[in-house]
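One structure is given here, and the rest of the page talks about it.
The values are calculated or read from the model by the stated rules, or taken from the named source; none is laboratory data. Keep in mind it's a predicted model, so treat the numbers as computed, not measured. Don't worry about glycine lacking a Cβ; one is built from the backbone with ideal geometry, like all the others, and counts go over all protein chains shown. What goes into the accessible areas is simple: the full protein's heavy atoms, side chains included, and nothing from ligands, DNA or RNA. Shrake-Rupley method; radii C 1.70, N 1.55, O 1.52, S 1.80 Å.
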Amino acid sequence: MTTHNPDGEETGPPPPFDPELELHLRALQEFVAPDGYRLETLAEMRRMLQEEWPGPTDEDLRRDGRFEVSEVSAPGPDGAPDVRLLVCRPTGAHPRLPAVYFVHGGGMFLGDNRLGIEEVLDWAEALGMVVVSVEYRLAPETRHPGPVEDCYAGLTWTAAHAAELGIDAQKIIVAGESAGGGLAAALVLLARDRGGPAIYGQLLNAPMLDDRNNSVSARQMAGVGAWDRVSNENGWTALLGEARGGPDVPPYAAAARAEDLVGLPPTYIDVGSAETFRDEDVAYASRIWAAGGTAELHVWPGAWHGFTLDAPTAVLSVQARAARLAWLRRLLVPSHP
């Protein structure tokens, strides 16, 4: 059956939600305005996020002494403030550990370097890794290229100071979720094109890649789910202003705009079948394969955007988190015949 979305465009109905996840989604939607995330209510959204999800404390991050936690300042881009980095390192003498350089989500306009870090610490605890989580300036107060340049400045500082952080500079994995996944993908492109730090792998969790916001899945999910087409438009507008959707958006703002995906590191992408980013994420993986690269793609049936963060105990969430950890394990500890 064909339906019309709010723009009058014809598209099929949205895929059904996983029944267990749908129960969690209904609870989440109590905190989201029925017309989506809007820039006019940004101050209120930020206040609610801070009150409802204040983020883990340093004591939480230490995990009963298993991690040493610190914050450091790296020089920012030219003329910009320093970039704050949250560093979580396994306790004890462990020289030259692999590292995850993490970029948090939040639609380009919400969050800080503690948002979503709990799962990243799970990876670090299981595999013996250092976590470096970057605090980038948020839109619309700071538009492109500010956020990605902040991420790049933090990455280059981390690589340059790898020895003192106990990091193996040859095994830095860039990871990000949602808007942070989009910034992570753009960051990897930027590092490749500038001859910056070598990236060992990239893990992109439901990445926000395409400012054009016109895929079938974007149209299907208009008015549906946790991050719909209206919210997505507002997120991209916050970052790009009037340039959003136009012909001159660079790949370092929206990675789907990249014409050349040759030379990217091994990539993991996952996304839900019932979310706005489904088609752009599937297309990105397909284009990496077409360019001769390595990518692992998971499309979780009936999953909505951010499901593992907001419904961590759901069966599908447990499976998705296990798949990410398994990919990291294979990347860092390759098997030999």
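A quick yes/no check of all residues on (1) out of contact with any Phe, Trp or Tyr (no Cβ under 7 Å at 6 or more places or on another chain); (2) among the aliphatic types (A, V, I, L, M); (3) surrounded by fewer than 24 Cβ atoms within 10 Å (Cβ to Cβ); (4) at pLDDT below 95:
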| site | (1), (2), (3), (4) |
| --- | --- |
| 135 | yes, no, yes, no |
| 138 | no, yes, yes, no |
| 147 | no, no, no, no |
| 152 | yes, no, no, no |
| 174 | no, yes, no, no |
| 178 | yes, no, no, no |
| 193 | yes, no, yes, no |
| 203 | no, yes, no, no |
- Evaluation of residue 295 against (1) under 17 Å from residue 105 (Cα atoms); (2) touching a Phe, Trp or Tyr at 6+ places or on another chain (Cβ under 7 Å); (3) small (Gly, Ala, Ser) (one fails), failing number: (1)
- Message: Restricting to segment 73-83, give me the number of residues that are open to solvent by 40 Å² or more (accessible area, probe 1.4 Å) and either in a loop (DSSP other than H, G, I, E, B) or among the β-branched types (Val, Ile, Thr) (or both).
- Response: 5
- All but one of (1) under 28 Å from residue 233 (Cα atoms); (2) in contact (Cβ under 8 Å) with a residue 40 or more places away in the chain hold for residue 66, so report the exception by its number. (1)
- Consider residue 137 carefully, then state whether it is on the phi < 0 side of the Ramachandran plot and touching a Gly at 6+ places or on another chain (Cβ under 6 Å). yes
- Query: Could you list, in sequence order, the residues of segment 271-281 that are surrounded by fewer than 24 Cβ atoms within 10 Å (Cβ to Cβ) and part of a helix (DSSP H, G or I)?
  - Reply: 279
- Task: Kindly indicate whether residue 66 is buried (at least 16 other Cβ atoms within 10 Å of the Cβ), touching a strand residue (DSSP E or B) at 6+ places or on another chain (Cβ under 9 Å) and among the basic types (Lys, Arg).
- Result: no
- Could you look through segment 302-337, keep only residues that are in contact with a Gly (Cβ under 9 Å, 6 or more places away or on another chain) and outside any helix (DSSP H, G or I), and pick out the one that is farthest from residue 27 (Cα to Cα)? 302
- Task: Search segment 302-328 for residues that are in contact (Cβ under 8 Å) with a residue 12 or more places away in the chain and pair each with any residue that is exposed (fewer than 15 other Cβ atoms within 10 Å of the Cβ) and small (Gly, Ala, Ser) when their beta-carbon atoms are under 8 Å apart and the residues are at least 6 apart or on different chains.
- Result: 325/126
- Message: Which pairs turn up if I take residues in segment 107-129 that are under 16 Å from residue 90 (Cβ atoms) and outside any helix (DSSP H, G or I) and look for partners that are open to solvent by less than 40 Å² (accessible area, probe 1.4 Å) and of a type in the set (A, V, I, L, M, F, W, C) with beta carbon separation below 7 Å, at least 6 apart in sequence or on another chain?
- Response: 128/97; 129/97; 129/99; 129/100; 129/123
- Message: I need every pair where a residue in segment 255-279 that is touching a residue at least 12 places away in the same chain (Cβ under 8 Å) has its Cβ under 6 Å from the Cβ of a residue that is open to solvent by less than 10 Å² (accessible area, probe 1.4 Å) and assigned to a strand (DSSP E or B), sequence separation at least 6 or different chains.
- Response: 265/201; 265/202; 266/201; 267/202; 268/203; 269/204; 277/271; 278/271
- Task: Out of the residues in segment 1-48 that are of a type in the set (Asp, Glu) and within 24 Å of residue 109 (Cα to Cα), state the one that is modelled with the lowest pLDDT.
- Result: 35
- Query: Within segment 46-62, is even one residue assigned to a helix (DSSP H, G or I), closer than 22 Å to residue 233 by Cα, open to solvent by 80 Å² or more (accessible area, probe 1.4 Å) and not hydroxyl-bearing (Ser, Thr, Tyr)?
  - Reply: yes
- In segment 84-108, which residue that is at positive phi and over 19 Å from the mean Cα position of the chain (by Cα) is surrounded by the most Cβ atoms within 10 Å (Cβ to Cβ)? 96
- Message: Can you go through 268, 284, 252 and tell me which one is closer than 28 Å to residue 199 by Cα, of a type in the set (Phe, Trp, Tyr) and part of a loop (DSSP other than H, G, I, E, B)?
- Response: 252
- Query: Checking residue 309 against (1) modelled with pLDDT of 95 or more; (2) open to solvent by 20 Å² or more (accessible area, probe 1.4 Å); (3) within 15 Å of the chain's Cα centre (by Cα), which single condition isn't satisfied?
  - Reply: (1)
- Task: Say whether the condition of being open to solvent by less than 10 Å² (accessible area, probe 1.4 Å) and more than 18 Å from the chain's Cα centre (by Cα) is met by at least one residue in segment 220-227.
- Result: yes
